[in-house]
Every structure is written in structure tokens, then in C-alpha cells.
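Heads up, the thing below is written out as C-alpha cells.
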Amino acid sequence: MRPPESTTPGGGSAPKSDGRALMPGGQGTTADTDVLVVGAGPAGLTTALQALAHGASVRVVDRREQRARPSRALMLHARALEGLRPLGVTADLLGRADTTPEARIHLGRRVVEARLGHADLPDTAFPHLTLVRQADVEEVLWQALQDRGVAVEWGVEFRGLHQDNGGPPAWQKGGPVHAELNGARGPGHHASRFLAGCDGQSSTVRGITGAQWRGGPYRVEAVLADLELDGPLDPGLLHVAVGRAGLAFLFALGEGATWRMLATRPAVPGSSASFGQLGPPVPPEEVARLVRESGLEATVRDVGWSAQVPLQHRIAGTFGTSPVFLAGDAAHAHSPAGGQGMNNGILDALNLGWKLGFASTAGRPLPELLESYGRERLPAARRVLALTHLIFFGEASPHPAARLARSVLPAFAPVLPLLLRRRWLISKGVRLLAQPFVNYRNSAISRDGVPQASGWPRPGERLPDAVVSVDGQVVRLHELTAVPGIHLLLGRDAGPAALGAGPAFAVDSRPRLLHVHRLTSHPGTGLVAVRPDGYVGFRCGEADPAQLLGWLRLVGAVRD
Ligand SMILES: Cc1cc2nc3c(=O)[nH]c(=O)nc-3n(C[C@H](O)[C@H](O)[C@H](O)COP(=O)(O)OP(=O)(O)OC[C@H]3O[C@@H](n4cnc5c(N)ncnc54)[C@H](O)[C@@H]3O)c2cc1C
């Protein structure tokens, strides 16, 4: 039996706070860093990377002594991979992942096959379900930060904001946010322009924003266990057992043994575990019972590791107001159904990070840009929460209707193979998990120019991947946009004034973050500006420098 792997602590400090670790900042009027990120889970690491890539200096602290293990999440979806691609981490992530997963669905005595790779989704470079351990995702993100000179500071806890004697705090007067930190070297202050609370479901940062935490606990909780099993289970595959009491999943991704089981059971009252976190171990006989009652033809030989995880469905009433923001589980708590929590946190972070980067360096306030974070992400998170709630009801609810549905499912076993062989059905499932329903059309930073462009996605919509030509070269659109920054896509006949070398961008002081591509495959005089998180921000039927510049100013992509 292998114990769950643990990792070496990192440590050190981020740009601008080198050698100052916990201390200074004090109550001065200057910031030590642009962004202080609290929490080095997937949301915090991605926020830091995205903010750094877009011009901010960052410091990342986490109260854990080392990276989290074993993993909770095991699924990454296409939208998160697309958003992470410009940060140069996807090759590494995919290198650790199973991108052609096959599932065996156990319905009573029948076993039905489903292939979850190679979906028919031409508008993404990642047309598959991706199985990868959360610990691997975090390691890749952590390493990318490290490579860029930012070492996560483990063992450093955010305690709250420094209370000024009387009077409003400095940040309410336009000054920096003074955070109180505590670590092995004792307490200290840190002053930053922005604070990103990525500190999980029991967020301390959420407490100081005063945001309501709406929702409630689930009546069932998750049981995670790494197991050695005896029985005729095909190795290396995902097994899903449909039992009357709930679904049980076996992933070939165990960290303390071959199989990782995810099952549910009625919540244990009075548990000491925190919501969404790995709690105390589950007795081996209870784990064996869950396997037996799942309907899997397998018996437990060894339990390498196990944990109970209490679950809740909640969402913060606000995702923060500048300069304090919430992202990831600090802003929304999901059940594991559909594998959305980590993905959703990464999408928050990709949205927030570039805005913090631009706001840190624009040299002027960018209220619309910063407000757009919560205005875009809160409704999106609400919809994702509704999706996970619905799936979890079907998967695990003790409600009689859900139990009935699960108990009649085996009767459909003869037709399921026919259905699951249909590629369109699998494709629809894979697409749904990638959150195609999320768009920012109503955002204040989604703008249409005059005349309105046709043939391009609307402002606020995700830019779909497609084959295009640029200067006679055939490329995929997402390959072109796979570097940080804003991408201007010009129609073939767009006027020369909109070109990067033209007067429109003479004021630009961020040439690295503004990229211009002329799509010779797209006739017309229009253009679209694609945001760093892959959504269309501005669209116009003419490449009019004045209108374009107006939008670039709005989002801080050019300095005055
Ligand atoms: C059983 C299970 C299965 C799941 N499967 C999936 C899946 O397949 N796909 C998916 O997308 N999601 C899944 N999830 C959800 C996913 O694990 C979480 O949504 C994800 O970990 C949230 O990331 P985060 O960075 O927001 O928070 P966390 O990962 O919780 O990280 C928060 C960090 O903040 C630190 N912190 C907290 N307070 C402080 C403080 N005061 N000072 C300093 N540091 C602090 C913590 O130490 C921690 O490291 C699953 C969850 C469970 C329970």
C-alpha cells in the first residue's frame, strides 16, 4: 500500500516583496505589490499567473505548509483549458492527463461502454473530457509561477485587514489594502493595491467583504477513498455504478492505491470536517459497504486512504468591490457533480487576473473594468451552480423521485449502448460540461461599434476556435490567440489605420499585450478585439481607430 504522496514546501517571496517576507507595508500610502493573492489552490494560482502575465506584480500566500494532496478534483473541461492556454501550461497539463477516457457504466448486471474522448466539437482544440488530478493541475500552475520568479509562500496565513485607528481604512481613501499576515517568522503587514481572496469555502476574505453566503448544506456528503479492489474490473478505465442510493465512481487515478472511489452517503451530523475539504478517514468497513452496495462486481482488498467531505451549495452575494475580490470556492461552493468547482474557479481567475493586471499598470482608475468582474462572473457562477445542483440531485439525492429514477435506469440498459455509441450525444455532454451557456453579453465592457460587424461572434461571447488564414498561412484561431494580451482580428479589407504600426496604437505602451492579426480568410472591413480570457470584447464593421481606441482605453489596454 502506497501512502498518499506529499510535496516539498516552496517558500520565498514574490516580486517587490523580496527579502521583506511578512513584514513592512506598515500603514504607508504605497503598495508593496500590486496584487496579494490569498490561497494557492487552483483559483489563487491562476489569478496570480494571469495578473502577472498582464503586468501586475503579485505575492501569493497560503496557510498550508505545502501543496494540497490528495486531490479532490479529477476533471478539467475544455473552456478552462482554452483559457489557460495563453499562460503556456496546457501542454504540461495534458501530458499528465487522460484525454481519451473510456467509461464502463454498471447498471445492475449489464455494463455499458462510453468513449469520452474525440467528441465532435470542431470549435475547440480540446474536444474531450480530460481526467487529471487536481494535485497535478496545482503543481503545473505552481511551477509556472515559480518559473516566472514568484514563489508561493506556504505557511503564511491571512488574518484580516489592518484596522486603522479611527477613520476609514487607507484603501477606502484610494490607498493600498493593508493585510495582516502571520507565518513562521511572526506577524506582519503587507500593502497591496488589490487583494484577491482565493481562500476556499471558509474564506476569511469573504468575511471582510461582508458578502452574504447564500445557500445551504447538502444532506449527503462525499466519501473519497483510494482502493485496491478484487474483481473483474477493466483496468485504467472510469467505472460508474448506478445504485439506488446514488452513483459511485471509480477513477484509475488513485494517489494512495490503484483506484480512486467517489461515492456519497447521508451526511454525518456533527462532523469536524469543513465544507469541501478532506475530512477525517472513513472506517474501512464503511468503505467496503459503499463498494458492495454500489453494485460493482468488486470487493475491497485494501484501503490506501479515505476521507469524508461535507458538501454545500452556496454563492456569495457579491464577488467583491475594488480593491477586494473573491474567486473560486471563496465565491461559490458546488457539489462535485459534473466536475465544475475547480473549473469554475479557474474561469473566475482568468477573468479577474487580466483586469487586475491592466488596472495595476494603467496609471488611472478603471472602475468599469473592475466592476465587470463580479457582474460577469456572479451570474455565470449562479448558472453553473444550478447545473451542478441538478446533476447532483440525479446522482445522489435521497429524494424518492431521484431514487426512483436511479432504480429504473437499469431497465434502459438494452438501449443505452445504442445511444452512447452516438457521437453527437457524447459531444453534447462534453460541451455542456464546458459551460457553453456562459457569456458576458450584458457586460459594460462588451461593446458593439458602428456600423455593427456581421460574421463575427457578438461582444461578450467566447471566440470559437476555427481554421483561418493569416498572410497566406493556414492556422487555428486559438493558436494565434495563445499568448497573453488582447488580440485584434482584422478583416481582410480592414483599413490600414487599424494596423498595429498605424497611428491608432502610437499611444500604446504595452506592445507585448496587444497583438494584431489580419485574417485573409475573412473578407470585409470589420474587426474584433478578443479579451485575454478568450471572450470578444469589441466588434465593429469598420476598423475605426477612434472607436477601437475608446474600447482599449475602457479596459486599460492603452495608457493615456
Ligand atoms: C470530492 C470532490 C470532487 C471534486 N471534483 C471536481 C472535479 O472533478 N472538477 C472540478 O472542477 N472541481 C471538482 N471539485 C471541486 C474543487 O476541488 C474545488 O472547487 C477547488 O479546489 C476550489 O479551488 P480554490 O482554489 O477556489 O480553493 P481551494 O482549493 O480550497 O484552495 C484554497 C486555499 O486557500 C488557503 N487558505 C484558506 N484560508 C486562508 C487564509 N486565511 N490565509 C492563507 N491561505 C488560506 C487554503 O489553505 C487553500 O490552499 C471537487 C470537490 C470535491 C470535494
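The values are calculated or read from the model by the stated rules, or taken from the named source; none is laboratory data. The model shown is predicted, which means the values in this text are computed figures rather than measured ones. Don't worry about glycine lacking a Cβ; one is built from the backbone with ideal geometry, like all the others, and counts go over all protein chains shown. With ligands, DNA and RNA removed, areas are computed over all heavy atoms of the protein, side chains included. Shrake-Rupley method; radii C 1.70, N 1.55, O 1.52, S 1.80 Å.
The table below lists the values:
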| read-out | value |
| --- | --- |
| Single residue of the stretch 318-336 satisfying the filter (open to solvent by less than 30 Å² (accessible area, probe 1.4 Å) and among the small types (Gly, Ala, Ser)) that is farthest from the ligand (Cβ to nearest atom) | GLY320 |
| Members of the stretch 37-65 that are near the ligand (Cβ under 10 Å from one of its atoms) and touching a Ser or Thr at 6+ places or on another chain (Cβ under 6 Å) | VAL37 |
| Matching residues, the stretch 96-125, being out of contact with any strand residue (DSSP E or B) (no Cβ under 9 Å at 6 or more places or on another chain) and either of a type in the set (A, V, I, L, M, F, W, C) or within 13 Å of the ligand (Cβ to nearest atom) (or both) | ALA119, LEU121 |
| Some residue of the stretch 176-195 being among the basic types (Lys, Arg), open to solvent by 30 Å² or more (accessible area, probe 1.4 Å) and modelled with pLDDT under 90 | yes |
| The one condition in (1) in a loop (DSSP other than H, G, I, E, B); (2) modelled with pLDDT of 90 or more that SER509 fails to fulfil | (2) |
| Members of the stretch 66-76 that are part of a loop (DSSP other than H, G, I, E, B), open to solvent by less than 60 Å² (accessible area, probe 1.4 Å) and within 6 Å of the ligand (Cβ to nearest atom) | ALA68, ALA73, LEU74 |
| Residue that is farthest from ARG476 (Cα to Cα), among those in the stretch 525-555 that are touching a strand residue (DSSP E or B) at 6+ places or on another chain (Cβ under 6 Å) and part of a helix (DSSP H, G or I) | GLN547 |
| Extreme residue, least open to solvent (accessible area, probe 1.4 Å), among residues of the stretch 164-173 that are out of contact with any strand residue (DSSP E or B) (no Cβ under 8 Å at 6 or more places or on another chain) and at pLDDT 75 or above | GLN172 |
| Failed condition for HIS239, given (1) outside any strand (DSSP E or B); (2) open to solvent by less than 10 Å² (accessible area, probe 1.4 Å) | (1) |
| Selection from the stretch 303-315 of residues that are touching a Ser or Thr at 6+ places or on another chain (Cβ under 8 Å) and either open to solvent by less than 20 Å² (accessible area, probe 1.4 Å) or more than 13 Å from the ligand (Cβ to nearest atom) (or both) | GLN308, PRO310, LEU311 |
| Selection count where residues are within 8 Å of the ligand (Cβ to nearest atom) and hydroxyl-bearing (Ser, Thr, Tyr), scope the stretch 337-371 | 0 |
| Residue match in the stretch 493-504 (condition: over 23 Å from THR90 (Cα atoms), surrounded by fewer than 16 Cβ atoms within 10 Å (Cβ to Cβ), among the charged types (D, E, K, R) and modelled with pLDDT of 90 or more) | yes |
| Selection from the stretch 511-560 of residues that are charged (D, E, K, R), open to solvent by 20 Å² or more (accessible area, probe 1.4 Å) and within 19 Å of GLN50 (Cα to Cα) | ARG512 |
| Looking only at the stretch 317-337, and only at residues there that are touching an Asp or Glu at 6+ places or on another chain (Cβ under 7 Å) and within 18 Å of MET75 (Cα to Cα), the one that is modelled with the highest pLDDT | GLY328 |
| Subset of the stretch 360-398 that is closer than 19 Å to ALA557 by Cα, buried (at least 20 other Cβ atoms within 10 Å of the Cβ) and among the hydroxyl-bearing types (Ser, Thr, Tyr) - its residue that is modelled with the lowest pLDDT | SER360 |
| Odd one out for LEU84, checked against (1) open to solvent by 10 Å² or more (accessible area, probe 1.4 Å); (2) part of a helix (DSSP H, G or I) | (1) |
| Number of the exception - ARG244 against (1) open to solvent by 60 Å² or more (accessible area, probe 1.4 Å); (2) touching a strand residue (DSSP E or B) at 6+ places or on another chain (Cβ under 9 Å) | (2) |
| Qualifying residue in the stretch 111-134 (condition: out of contact with any helix residue (DSSP H, G or I) (no Cβ under 6 Å at 6 or more places or on another chain) and on the phi > 0 side of the Ramachandran plot) | yes |
| Given (1) in a helix (DSSP H, G or I); (2) out of contact with any Phe, Trp or Tyr (no Cβ under 8 Å at 6 or more places or on another chain), index of the condition ASN442 fails | (1) |
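Yes/no matrix, rows are residues, columns are (1) under 23 Å from the mean Cα position of the chain (by Cα); (2) at pLDDT below 95:
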site	(1), (2)
GLU228	no, no
PRO232	no, yes
GLY246	no, yes
PHE251	yes, no
